[in-house]
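Remarks on the structure that follows.
The values are calculated or read from the model by the stated rules, or taken from the named source; none is laboratory data. Source: prediction; values computed, not measured. Cβ placement follows ideal geometry from the backbone for every residue including glycine, while neighbour counts extend to all protein chains displayed.
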């Protein structure tokens, strides 16, 4: 298992790999994890959690972590170009020098460490968790050198065309072509391609038809071992709407929620004694700025990230979870909210996420047309339902049958077994 994101790193990208490694072992596989010894601390979140008990983990060094260096270079470039009244809107050093991404310094030592691991333990399969895409380069190199089977797990889309992506994602046509060529090489060398949403799988099959028979969907899901105990999770006295993680200011109309809360405050429906909006994430300063702009700063509590277990407690204590997405991705917030029985105020485009919410979260509100009036009405309706004890619980048991990480790992194993059987029959 080639996983840049793995404990002691604490980023959200770790959770899928950690769960897979635990349940691989539980169901008869023996995982050997290769991760990074010196992660880029300027970009990644280093925590205190140790790898799961009984999982063999090897760490290899990155020869260079360029994120901070090119950030400083970008700052110098900004100051110089401002003298000529030129404003830089992005860091072009990353686009020019960091191919396939800022983690490229991990590639050389990881290939060597991977070869040593394969030589020592002779595993059947190489599994790669992406992003970072540098990990996929390592996986392809190891497959070509050892002839082992290769499973590529795309937690995020790489270079496919996605309408909802920011236009400035690729400022250079050449860089886009390079990334697409790298993605093509990765997919051609993979024996199995795993995508974490059905919408993403369909996009990849549409743009790379040759992967149709080897591309499968395994969602992210939720690991029930993280469930907080009920005695810590009584609801807040104030009606509370919570949001965690990146706010995706470039997706749909990002200010509809703030405008609706402003109107509710103006109309006397919300005040600092009966309402709060809790925010935990890297955009906390921007959230504070927006709350001042709309004169609702007394209703907003905006903070930096907190430990995951604490975050789940705050989520379960809340009355609604504000949900925003960038298609075709599915935020981990979806799985957390349904499992913890917190309805959504979802300002999202129609599609796969909407279908999941409709099926499992009956008291959620889905607003796909950027309507301030609908957000306004949804908040009022939710307050009335809680006040009259008319909130219907989510279909958690059915949801976990499909989306617990343990059951999703079983699905993964079935895909691999079926793929191996199919290849055997074709050879015969």
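I'm checking my understanding of the structure. Among residues of segment 31-52 that are outside any loop (DSSP other than H, G, I, E, B) and surrounded by 16 or more Cβ atoms within 10 Å (Cβ to Cβ), which one is farthest from the chain's Cα centre (by Cα)?
In this case the residue turns out to be 32.
Sort out which residues of segment 180-196 are in contact with a helix residue (DSSP H, G or I) (Cβ under 6 Å, 6 or more places away or on another chain) and over 19 Å from residue 100 (Cβ atoms), and write them in order of number.
Answer for segment 180-196, where residues must be in contact with a helix residue (DSSP H, G or I) (Cβ under 6 Å, 6 or more places away or on another chain) and over 19 Å from residue 100 (Cβ atoms): just 192.
From 7, 66, which residue is more than 26 Å from residue 309 (Cα to Cα), surrounded by 20 or more Cβ atoms within 10 Å (Cβ to Cβ) and free of Cβ contacts under 8 Å to residues at least 60 places away in the same chain?
Among 7, 66, only 66 is more than 26 Å from residue 309 (Cα to Cα), surrounded by 20 or more Cβ atoms within 10 Å (Cβ to Cβ) and free of Cβ contacts under 8 Å to residues at least 60 places away in the same chain.
If I ask for residues that are touching a strand residue (DSSP E or B) at 6+ places or on another chain (Cβ under 9 Å) and part of a loop (DSSP other than H, G, I, E, B), which ones from segment 53-66 would you list?
55, 61, 62 - these are the residues of segment 53-66 that are touching a strand residue (DSSP E or B) at 6+ places or on another chain (Cβ under 9 Å) and part of a loop (DSSP other than H, G, I, E, B).
Need at least 3 residues that are in the same structural domain as residue 389 (by TED's automatic domain parsing) and more than 28 Å from residue 328 (Cβ to Cβ) per element, so show me which strands (runs of 3 or more DSSP E) inside segment 209-315 make the cut, counting only ones lying wholly within it.
The qualifying strands (runs of 3 or more DSSP E) are 300-303.
Kindly indicate whether residue 321 is more than 20 Å from the chain's Cα centre (by Cα) and in a strand (DSSP E or B).
No: the conditions fail for residue 321.
Name every residue in segment 212-237 that is without any contact (Cβ under 8 Å) to a residue 40 or more places away in the chain and surrounded by 19 or more Cβ atoms within 10 Å (Cβ to Cβ), in order of residue number.
Across segment 212-237, the qualifying residue is only 215.
Given the options 375, 342, name the one that is assigned to a loop (DSSP other than H, G, I, E, B), surrounded by 14 or more Cβ atoms within 10 Å (Cβ to Cβ) and in contact with a strand residue (DSSP E or B) (Cβ under 8 Å, 6 or more places away or on another chain).
342
What do you reckon, is residue 272 surrounded by 19 or more Cβ atoms within 10 Å (Cβ to Cβ) and more than 27 Å from residue 47 (Cβ to Cβ)?
Criteria not met by residue 272.
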